[in-house]
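The values are calculated or read from the model by the stated rules, or taken from the named source; none is laboratory data. Remember, predicted model here, so these are calculated numbers, not experimental data. Cβ sites come from the backbone with ideal geometry, for glycine too, and all protein chains shown count toward neighbours. Side chains are part of the model used for accessible areas, which takes the heavy atoms of the whole protein and leaves out ligands, DNA and RNA. Shrake-Rupley method; radii C 1.70, N 1.55, O 1.52, S 1.80 Å.
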Amino acid sequence: MHAHRLYQNPIQLPRAPCGSRSIRQSEIGEGRLCLEKHPSLPIKKLRRRLLLEFMGFIPSVLYALPAVAAPMFEMKEPEVIRTSKLPDGVRFQEIVEGEGPEAHDGDLVEVNYVCRRSNGYFVHSTVDQFSGESMPILLPLDENQIIKGLKEILIGMKVGGKRRGLIPPSVGYINENLKPIPDEFGPQRSLLSHAKEPLIFEVQLLKVL
């Protein structure tokens, strides 16, 4: 008997106002329809809330980050590392600014370096990749003896400093006699095989002699 009454009078779940359609179907239009059926609702607040939800904003976020609510006409990211560009196309970054003596044209310097292709692939280095042992080399800051692009990166550096530079092939290994170049035949051939493409040098100045 009770079961019969239960099926005759099923439980009625409360229906959401304005139908069961989601806000995705023209939220602002739905809000206007709600207002027509429920004139007692605060019109301005409801329209504003629906508009914010439609745009993907949450009022609490706007309160916490007021800059989001205002248009930002000039939004520039701060430069963490400044990049310098030279007339011949060499670009370099000052990774660490040294505090020792400064290198000048014609000086003899001691450096460690890592050479990579522009896509990041390793080519050669004075620092062993596995043991970390370094074998610094001496370079004269003379473009007749070393690649011009590397000379330009080294000039102005101070001992203890580190720079990373992109060297175009026009100021790179324009002939096989220019330093730095590995002593071993295999690494030497590998380096020269990439002589016609831009190379990245990360160099650390150890001494000015």
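Expressed in nm to one decimal, what extension gain is obtained for the pair residue 145 and residue 170 from 0.36 nm per residue of sequence separation less their Cα-Cα distance?
Values: separation 25, 0.36 × 25 = 9.00 nm, distance 1.53 nm.
Full extension of this stretch gives 7.5 nm more.
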Within 14 Å, Cβ to Cβ, of residue 200, how many net charges do the neighbouring residues add up to if Lys/Arg are +1 and Asp/Glu are -1?
+4
So for the pair residue 195, residue 183, with labels modelled 7 Å out along Cα→Cβ, what separation do we get in nm?
2.1
Segment 89-208 - percent of accessible surface contributed by carbon and sulfur, probe 1.4 Å:
48
Please list the non-local residues whose amide H lies under 5 Å from the amide H of residue 125, H modeled 1.01 Å from N, same-chain partners needing a gap of 5 or more.
115
Compute the Cα gyration tensor for segment 125-199, then decide on rounded, prolate or oblate, letting a ≥ b ≥ c be the square roots of its eigenvalues: rounded whenever a/c is under 1.5, prolate when a/b is larger than b/c in the other cases, and oblate in all that remain.
oblate
I need to check one value: relative contact order of segment 89-208, counting alpha carbon pairs closer than 8 Å and at least 6 residues apart, in percent.
39
What does the accessible area of residue 126 come to, in Å² to the nearest 10, when a probe of 1.4 Å is used?
10
Could you tell me the number of lysine pairs in segment 89-208 with C-alpha atoms less than 13 Å from each other, where the two lysines are 8 or more residues apart or belong to different chains?
4
Work through the residues other than residue 100 whose Cβ is under 15 Å from its Cβ and net out their charges, Lys, Arg +1 and Asp, Glu -1.
-2
